[in-house]
Amino acid sequence: MSKETILLLINPFANKKKVKKIVGQIKIVLTGNKLAFVTFTKAWPVEINDYKEVWIIGGDGTLNYFLNFYKHVEIPIVIFKGGTGNDFAGKLYGDMNVGEQIKTVLAAEPARVDAAICNGMKFINAVGIGFDGEVLKSMNAIRLLGGHLGYLWIVFKKIFFFKEGYFNICYDDKNLSEKFLLVMITNSTTTGGGFKVSPEARVDDGKLNMVLCKPLPVIKRLKSLPLIEKGKHLQKDFILHKEVSNVKIVCEKNMPAQIDGELIFAKIFDIKMLLGKYLFKY
């Protein structure tokens with residue numbers, strides 16, 4: 001271990017073939033550039049801040065696990081698209097292939113990125129309450145079909161039967177009490193493997209984006225799905241979009257929710273901004 005060693009952390013439950021290919025490319029480049037590195041898969045190290053930087057190979061769930069496993073992360077972070085959902089990596093690196101991303105990362109200076117905390121759990125991409133949580137309950141089907149396609153198929157099925165919940169939402173000294181189909185608090189642009197739910201979100205602007213969808217009949221839900229997928233929905237009359245810092249959401253009953261692709265259940269969701277919490281290279 002040294003300040004010049006790059007730490008590679010791998011999700012042991014991710015797509016093994018995909019991850020093996022990514023790790024192989026990384027090792028070739030780092031070795032060719034005479035850069036020291038060490039790899040951990042099943043058992044991650046207790047302390048990471050003595051390393052130069054950490055490169056994570058996994059999806060949004062892996063990154064979320066990392067941010068919550070390590071209470072204090074002082075070194076720069078890199079995330080490679082090795083999971084089912086890779087929305088945050090997609091935000092930072094776009095459509096770069098692994099080789100292009102490695103080249104970009106090696107030349108990049110670390111930059112501050114915002115995060116947030118919900119009910120004591122840190123997140124960096126998005127929290128979706130109600131409909132989004134209901135979709136995530138079918139995660140096995142999503143994994144079987146693949147990220148965006150699997151998510152799209154489950155969303156399509158849920159559209160027909162999901163009932164809007166009643167929410168009391170307090171944000172920055174304002175209050176809303178209504179039924180909503182969709183309740184999303186985002187730090188980044190996409191969720192569900194590429195749905196542009198929050199197209200105006202930025203990861204370094206010191207704000208979270210709240211996207212709320214009012215109740216819609218089934219036919220209108222179906223017509224609106226392509227708009228939400230492409231990020232062309234914010235100006236529609238059934239959408240409320242606000243920039244916020246802190247949000248408290250009280251549901252009429254325990255609701256499923258996804259936090260960076262991880263499923264939780266709660267009646268109250270207390271969300272607070274963590275300004276410039278992490279250093280990322282991108």
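The values are calculated or read from the model by the stated rules, or taken from the named source; none is laboratory data. Here the structure is a predicted model, which is why all the values come from computation and not from measurement. Every residue, glycine among them, receives a Cβ derived from its backbone with ideal geometry; neighbour counts consider all protein chains shown. To get the accessible areas, we keep the full protein, side chains included, count just its heavy atoms, and leave off ligands, DNA and RNA. Shrake-Rupley method; radii C 1.70, N 1.55, O 1.52, S 1.80 Å.
Observations on the model:
- Farthest towards the positive end of the charge dipole of segment 139-282, among the residues Val183, Met273, Leu216, is the Cα of Leu216, using unit charges on the Cβ of Lys, Arg, Asp and Glu.
- Under a model in which nothing but the beta-carbon of Lys, Arg (+1) and Asp, Glu (-1) is charged, the chain shows a dipole of about 880 debye around its Cα centre.
- For segment 60-210, a simple Cβ point-charge model (Lys and Arg +1, Asp and Glu -1, everything else neutral) yields a dipole of about 460 debye relative to the Cα centre.
- Rg to Rh quotient for segment 1-69, alpha carbon positions, Kirkwood Rh: 0.95
- A 1.4 Å probe run over the protein chains yields, for the chain, 47 Å² of accessible area per residue, whole-number rounding.
- Normalised size of the chain, defined as Cα radius of gyration per 2.2 N^0.38 Å with N residues, equals 1.01.
- Taking a span of 20 Å or more along the helix axis (Cα atoms) and a mean Kyte-Doolittle hydropathy of at least -1.0 as the rule, the DSSP H helices of the chain that qualify are 16-32.
- Expressed as a fraction of 2.2 N^0.38 Å, the value expected for a compact globular protein of N residues, the C-alpha radius of gyration of segment 111-228 is 1.08.
- Relative contact order (percent, whole number), segment 169-282, Cα cutoff 8 Å, 6+ residue spacing: 25
- Magnitude of the charge dipole for segment 232-282, about its Cα centre and with charges confined to Cβ atoms of Lys, Arg (+1) and Asp, Glu (-1), is about 120 debye.
- For the chain: relative contact order, % (alpha-carbon pairs under 8 angstrom, 6 or more apart): 22
- Whole-number Å³ per residue for the convex hull built on Cα positions in segment 1-130: 116
- Heavy-atom accessible surface of the chain: percent carbon and sulfur, 1.4 Å: 56
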